[in-house]
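Visitor: Take this structure first; my questions come after.
The values are calculated or read from the model by the stated rules, or taken from the named source; none is laboratory data. Keep in mind the model is a prediction, meaning the values are calculated, not measured. Methodologically, a virtual Cβ is constructed for each residue, glycine included, from the backbone with ideal geometry; neighbour enumeration extends over all protein chains shown. The area values use the complete protein model at the heavy-atom level, side chains included, leaving out ligands, DNA and RNA. Shrake-Rupley method; radii C 1.70, N 1.55, O 1.52, S 1.80 Å.
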Amino acid sequence: MVQGLIAFFGGRAIIHQIQETVAAASSLNEETSRSTFVFGEAATQIQKFGDSAVQSVGLARGEATRFANDFGTMFKGAGLANADAARMSQTFVQLGADLASFSNLDIQDALTKLSAGLAGEAEPLRRLGAGFTDLEVQAKATALGLRDSNGELSTGALIQARAAVILEKTKLAQGDLARTSESLANQQRFLKGEAQQLREELGKELQ
């Protein structure tokens, strides 16, 4: 095992890298457990997504699960059922990867901007061509039938409406990671994800 670590990390500080490797595995364990709490019986959807995330979105299993959990917390709070929240969370993690590819951003930056947008901050999404106005969100909420009997919109309804608006405004970028997977920038994204996933796997052996 030590020889494998040396081969993987080269001449860098081994102790520091071992600590990072164990931390990566620990984070994976924590996020896997959290997904069960967030999504209930639909957590298996997130686990399957995480298993293939390094190929589909360029994120290691633990990272993909963490972002899905973060989105899932928002969507569950917005009133979505477990399975719907899991589906939307996967959709938004994939969207983050596509936007990162399309706009040449770090995927974590793109995912952070999406989270801000769902929370009602339109400005971070303007660079990505997905900025929106309150009027657009209100109109989308009405079209989706999200108003209550008094014509009011709950916080959860607004999140659902923003999600729909964001998905409409990002159609051009959707699928970009797959379309341009052979580009140098995207190959580097995949390699970064693979390296992190290797840390997670090696870390399991060291725990």
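Visitor: Just to check, using Stokes-Einstein with a Kirkwood Rh over alpha carbon pairs, what's the diffusion coefficient of the stretch 54-117 at 20 °C and 1.002 mPa s in µm²/s?
Guide: It comes out at roughly 184 µm²/s.
Visitor: Next question. Answer with one residue from Gly58, Ile107, Phe39: the one whose Cα lies farthest towards the positive end of the charge dipole of the stretch 35-112, charges on Cβ with Lys, Arg +1 and Asp, Glu -1.
Guide: The listed residue farthest towards the positive side: Phe39.
Visitor: Moving to a separate point now. On the full set of protein chains, 1.4 Å probe, figure out the accessible area of Ser56 and give it in Å² to the nearest 10.
Guide: Counting only protein heavy atoms, Ser56 exposes about 40 Å² to solvent.
Visitor: Another question, then. For the stretch 82-129, just the Cα atoms, rotate onto the principal axes and tell me the three extents in Å, largest first.
Guide: 31, 23, 15
Visitor: Loop-only check: which trypsin sites (Lys or Arg not before Pro) in the stretch 52-124 are DSSP coil with at most 16 other Cβ within 10 angstrom?
Guide: Nothing satisfies the criteria.
Visitor: For the stretch 132-207, run through the GluC sites (Glu not before Pro) and keep only the ones in DSSP coil with at most 10 other Cβ atoms within 10 Å of their Cβ.
Guide: Glu152, Glu182
Visitor: Tell me the trypsin sites (Lys or Arg not before Pro) within the stretch 125-188 that lie in a loop according to DSSP and have at most 16 other beta-carbon atoms within 10 Å.
Guide: Qualifying residues, ordered by number: Arg127, Arg147, Lys171.
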